[in-house]
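Heads up, the thing below is written out as structure tokens.
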Amino acid sequence: MIEVINLILIALVISFTAYLGIKVYMSKSDREVNRVFGLLCIVFNSWIIVDHFLYTDYLTSSQTFLNRLDLAIVSIGVILLIRFVRIFPKEIFPLPRWLITLADYYFVVLSIVTLGTPFIVESAYQQSYGSNFNQGPLFYVYIASVSLLALYVIAILILKNVMLRGKLRTQNRLVSYGIAIVVVANLVLNALLPLTTGTFAYSRFGTSSIVFFVFLTTYAIVTTHLFDIRVFIRRTIVYSTLLLVVFVSYSLIVFLATSLFQSGVEGTFDYRTFIASMIAALVVSVSYDPLRRWLQDRTDKWLFKKEFEQQAVISGLGKHLNDVIAMDEALEIVMQTISHVLHLHHAVTYVFQPAENSGIAVKRVKQTGYSNTANLILDDKDFTLSYFSQNGQTLLTQDLAMDVEREKILFERNKNKQDGQLVREHAIKQAVLRKLEQLDVAVAVPLQLNNQPIGLIFLSEKLNGEGYHQQDLALLELVGAQAISSIQKAKLYEGDQMKSEFVSIASHELLTPVSAIEGYLSMILEEHIGKVDPQAEEYLTKVYSSAKRLSALIKDLLSVSRIESGKMKVVQQQLDIDKAIKETLDQLHFIAENKKLELIYHQPYQALPPVWADPDRTAQILVNLVSNAIKYTPSGSVTITPKLDPHTGMVSISVADTGLGMSKVAIQHLFNKFYRVDTPETAGILGTGLGLYITKSLVEKMGGTITVKSTEGKGSNFTFTLPLFKIETSLPSA
């Protein structure tokens, strides 16, 4: 039984190692590191197979050949292992080509000598624990050679772990742990112990250490995107485990069900077996999909961060940004989303503005995760700004570092043939790289609109040490586009805010002299201060009328500015709406009489309860609606009708006229700023188109609504609502 389990485990290790080697090789067969890793997996598998036969009695007659083959495979493995650790994940200790070639030839010759002569393994014999051999005259040369090169491998791994940074360091650390375990285990079990004890009884455990290399390499693949085959490995783990669970479950169900049905029954084996199989198939078919989902969730949590759905991320980000206008808030949402989805240490966004000499300068900086923000400042002379203003593609810092390193080597080789422009560009890249490393930036996302730089996003390494793969970069492109849209929207809003602020200030400044003019004219015309001849009085009356119109326009502009800036104050209190309507009608009945219109008030039979409203704003609403109705009614009447709706807790006030009316198209735009109905009938009627916009804003600010119904040639009916006054409404919130 133990032998069967051992064979199954060996088969699983060999199968997975072969699968790993093939996938790595096929993913990018043009890369040397992928090719070497694939060959290394073949050598490891060959070593496992040969070593297995050395500790069984299947091929006792071939023990000498198997021992020689085993050591020859180790020699080839050393060649590949040295080459692999030298170039993985990137080469930082270049060796002369002649030295590499010499080492390769040495171990090729050593492998041939080991396999084809008795100089290393003279003869082999069987012992209780497995195979052993008589050492040849060059055995110690073989052991010394392999040991020295194994120690060289360990030294390279240690130095790389010290010198590499970021994702490369994480990848190297994980894989080097596996390699170190294999090297140290075999140095001790296949070299040190045989030399001191003369026995190879424990050497098979050295071969078993390959399992650690396979496991840690797989872990590096699924967590750091090593060799870019993470998806393949993930699917393999999920579905291999799933099939194993299903197989075991199915077998167990069949066994139990068959035993149950066949208990004490003779001659019914086929029928009962069929029933048991049907039950097992039913159980497996029902449980397969839930089991698959559960297993996939477990592997997501165990091996790597859960994959994100790109469309869901972009859709969610878009919904959040749609409700935001302020730039700081929009940038905060963008960075928090990226940091959460990609699991980042920190992020920073720069927003640009035009500077002198057609340059750019940083207008705003928004960061998350940085403890020291002093280094985040980029002045207009910083090479980083000019570099990314000219290079609009997403950039990985490690790619820039490799580019700088390649250029450095090229310049060293061609010291006498250096182009001044290329040298300057190289110096700029070096400065940018230093800045990126200073800020611990792993990827930079330039934000450009119509080839003009408007911003820049810097993102750190991920918390789990993963690198940025293609899916991440595709997501960043889409997020960058949404960031550009949000920045532009915020800039337009800020520009609009500046215009509103200007209008507000200008309105305040204009209102004072206009009010003075209006007051003095009123005193002259209405209080008869001094004698004014009829001709002058006529002129002053026209000036007074124009001054009142100008005053009304300035007040409307001031109201619009306050509404848009959020500075319009509404002080709601208990209000007698019946009294407010009557005061409005008293104020406007002279205008209606001048046009020979009937001003009708349908007072309710029962007194209306008080409403919760601002008295001044309510009066403004009533004046706007009633004066508008009078203005657009050539003949007939204007009717005001208040009504209580106890179900909604609101009082509605309708203002109906028998005037010109409006089309359906006009009604759709009626409450927009500066909109006026443009018909031949309205051509001579003066107005700013702001009254209804202000009215709607005030009604909604007090918790009400406003609607309109109209028919061309028959009149219009405006209805607005106000909430009822309640005792709890007036209490201050806790």
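The values are calculated or read from the model by the stated rules, or taken from the named source; none is laboratory data. Quick caveat, the model's predicted, so the values are computed rather than measured. Ideal geometry is used to build each Cβ from the backbone, glycine not excepted, and the neighbour counts take in all protein chains shown. These accessible areas exclude ligands, DNA and RNA; they are computed on the full protein's heavy atoms, side chains included. Shrake-Rupley method; radii C 1.70, N 1.55, O 1.52, S 1.80 Å.
Criterion applied to R35, R68 was being of a type in the set (K, R) and within 21 Å of T114 (Cα to Cα), and the one residue passing it is R68.
This table checks each residue for (1) more than 53 Å from the chain's Cα centre (by Cα); (2) crowded, with 18+ Cβ neighbours inside 10 Å.
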{"position": "I76", "(1), (2)": "no, yes"}
{"position": "I79", "(1), (2)": "no, yes"}
{"position": "K90", "(1), (2)": "no, no"}
{"position": "V108", "(1), (2)": "no, no"}
{"position": "V113", "(1), (2)": "yes, yes"}
{"position": "G116", "(1), (2)": "yes, no"}
{"position": "A124", "(1), (2)": "yes, yes"}
{"position": "G136", "(1), (2)": "yes, yes"}
{"position": "Y140", "(1), (2)": "yes, no"}
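Looking only at residues that are assigned to a loop (DSSP other than H, G, I, E, B) and polar (S, T, N, Q) in region 603-633, which one is surrounded by the fewest Cβ atoms within 10 Å (Cβ to Cβ)? Taking the candidates together, the pick is Q606. Taking the conditions (1) more than 16 Å from K696 (Cβ to Cβ); (2) in contact with a Leu (Cβ under 7 Å, 6 or more places away or on another chain); (3) not acidic (D, E) in turn, G659 satisfies each one other than (2). Scanning region 16-41 for residues that are farther than 22 Å from K90 by Cα and either crowded, with 19+ Cβ neighbours inside 10 Å or at pLDDT below 80 (or both) turns up F16, T17, Y19.
Residues that are at pLDDT below 80, surrounded by 19 or more Cβ atoms within 10 Å (Cβ to Cβ), in a helix (DSSP H, G or I) and touching a Leu at 6+ places or on another chain (Cβ under 6 Å): does region 180-193 have at least one? Checked region 180-193: no residue is at pLDDT below 80, surrounded by 19 or more Cβ atoms within 10 Å (Cβ to Cβ), in a helix (DSSP H, G or I) and touching a Leu at 6+ places or on another chain (Cβ under 6 Å).
Count of region 571-586 residues, restricted to those that are of a type in the set (S, T, N, Q) and part of a helix (DSSP H, G or I), is 1. Residues that are at pLDDT 90 or above, part of a loop (DSSP other than H, G, I, E, B), in contact with a strand residue (DSSP E or B) (Cβ under 6 Å, 6 or more places away or on another chain) and buried (at least 18 other Cβ atoms within 10 Å of the Cβ): does region 703-712 have at least one? The answer is yes, given that some residue of region 703-712 is at pLDDT 90 or above, part of a loop (DSSP other than H, G, I, E, B), in contact with a strand residue (DSSP E or B) (Cβ under 6 Å, 6 or more places away or on another chain) and buried (at least 18 other Cβ atoms within 10 Å of the Cβ). Being open to solvent by 90 Å² or more (accessible area, probe 1.4 Å) and in contact (Cβ under 8 Å) with a residue 40 or more places away in the chain is the filter; apply it to region 572-601 and report the residue that is nearest to K643 (Cα to Cα). Residue satisfying both the conditions and the ranking: Q574.
Looking across region 421-446, the residues that are part of a helix (DSSP H, G or I), open to solvent by less than 60 Å² (accessible area, probe 1.4 Å) and farther than 13 Å from E407 by Cα come down to A431, V432, L433, K435, L436.
Across region 378-404, the qualifying residues are those that are modelled with pLDDT of 80 or more and open to solvent by 60 Å² or more (accessible area, probe 1.4 Å), and the one among them that is nearest to E91 (Cα to Cα) is M402. The residues of region 331-386 that are within 24 Å of K462 (Cβ to Cβ), in a helix (DSSP H, G or I) and not hydrophobic (A, V, I, L, M, F, W, C), listed by number, are E332, Q336, T337, S339, H340, N375, T384.
Against the condition at pLDDT below 90 and touching an Asp or Glu at 6+ places or on another chain (Cβ under 8 Å), how does L557 come out, does it pass?
So L557 does not fit the description; no.
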